[in-house]
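Colleague: Quick one: the structure is below, questions incoming.
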Amino acid sequence: MDDTFLEMADVLAEGGFVPVALGSFVAHHSLMTNVAAGRPDADDLAAVRALAAQVVEKLAHVDGAEAARVAAVPGNRPYRAFGGVAFKPEVNAGACTACGLCARACPTGAITIADAAATDAGLCVSCFRCVAVCPEGARSIGGGAELQAARDAFAQRCAARQESWFSL
Ligand code: SF4
Ligand code: SF4
């Protein structure tokens, strides 16, 4: 997870929020879909519920949000540089109805509503949310044999089950 928690805590602090807990919950990978398939599962959801219950308990017994601040947020500044991901979404422009859903869902602004059939590869972080929300199936992961080889290698590296966890 690198510096994710620290970066998220910083973003929240900039918005005036006080992080009082943090959690890492496993979900299937958006690109390497054979990794963590079926997650979150019952154990992951139980961890989510346990964190929620403990946060409620903590806030009921600690005086003020500052005092409830999470004890230690893992990560380093400057954050680790993003090295990029080779695979970008492919678009079948003929199937695109220009509904704009993908542009609104893209977290980095890599798609514009004016030209939703295009992707700015420099902004795209390969999350594939646009593929998931497209009602026409106009966006796909693509990648062919190269993606399959990467999936197989990644699945091997991630074969051991990782558990969800949280901290207050
Ligand atoms: S893969 Fe993610 S970042 Fe890239 S265009 Fe789609 S929604 Fe945006
Ligand atoms: S969600 Fe699909 S159909 Fe809608 S604008 Fe994006 S690519 Fe086109």
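Colleague: Can you name the residue in region 101-125 that is more than 16 Å from S140 (Cα to Cα) and not β-branched (V, I, T) and, of all such residues, is farthest from ligand 1 (Cβ to nearest atom)? Lay out the reasoning, then the answer.
Modeller: Filtering region 101-125 for residues more than 16 Å from S140 (Cα to Cα) gives 104, 107-109, 112-115, 122-123.
After this cut, where a residue has to be not β-branched (V, I, T) as well, the list is 104, 107, 109, 114-115, 122-123.
On the way: R104: 10, P107: 6, G109: 8, A114: 15, D115: 12, G122: 10, L123: 7 Å.
So the residue we want is A114.
Colleague: Which of the following residues is over 30 Å from I141 (Cα atoms), at pLDDT below 95 and touching a helix residue (DSSP H, G or I) at 6+ places or on another chain (Cβ under 9 Å): L51, L22, L31? Let's see the steps before the verdict.
Modeller: Values: L51 fails: touching a helix residue (DSSP H, G or I) at 6+ places or on another chain (Cβ under 9 Å); L31 fails: over 30 Å from I141 (Cα atoms).
Testing whether each residue is over 30 Å from I141 (Cα atoms), at pLDDT below 95 and touching a helix residue (DSSP H, G or I) at 6+ places or on another chain (Cβ under 9 Å) leaves just L22.
Colleague: Working carefully through the options C130, C124, find the one that is free of Cβ contacts under 8 Å to residues at least 40 places away in the same chain, within 16 Å of ligand 2 (Cβ to nearest atom) and surrounded by 13 or more Cβ atoms within 10 Å (Cβ to Cβ). Outline the logic, then answer.
Modeller: Values: C130 fails: free of Cβ contacts under 8 Å to residues at least 40 places away in the same chain.
It is C124.
Colleague: Does region 148-163 hold any residues that are of a type in the set (A, V, I, L, M, F, W, C), surrounded by 10 or more Cβ atoms within 10 Å (Cβ to Cβ) and within 26 Å of A50 (Cα to Cα), and which are they? I'd like the intermediate steps shown before the answer.
Modeller: First pass over region 148-163, keeping only residues of a type in the set (A, V, I, L, M, F, W, C): 149-150, 153-155, 158-160.
So of that shortlist, the ones also surrounded by 10 or more Cβ atoms within 10 Å (Cβ to Cβ) come out as 149-150, 153-155, 158.
Matches in region 148-163: C158 only.
Colleague: Going by the structure shown, is F128 more than 27 Å from A13 (Cα to Cα) and near ligand 1 (Cβ under 10 Å from one of its atoms)? Walk me through how you get there before you give the answer.
Modeller: On the way: more than 27 Å from A13 (Cα to Cα): yes; near ligand 1 (Cβ under 10 Å from one of its atoms): yes.
Yes, satisfied.
Colleague: Does at least one position in region 78-88 carry a residue that is out of contact with any Leu (no Cβ under 6 Å at 6 or more places or on another chain) and within 15 Å of ligand 2 (Cβ to nearest atom)?
Modeller: Yes.
Colleague: Looking at region 30-44, is at least one residue loosely packed, with under 15 Cβ neighbours inside 10 Å, closer than 19 Å to A160 by Cα and within 13 Å of the chain's Cα centre (by Cα)?
Modeller: So far as region 30-44 goes, yes, one or more of its residues are loosely packed, with under 15 Cβ neighbours inside 10 Å, closer than 19 Å to A160 by Cα and within 13 Å of the chain's Cα centre (by Cα).
The values are calculated or read from the model by the stated rules, or taken from the named source; none is laboratory data. These numbers were taken from a predicted model, which means no experiment stands behind them. When we count neighbours, we look across all protein chains shown, and the Cβ atoms used for this are built from the backbone with ideal geometry, even at glycine.
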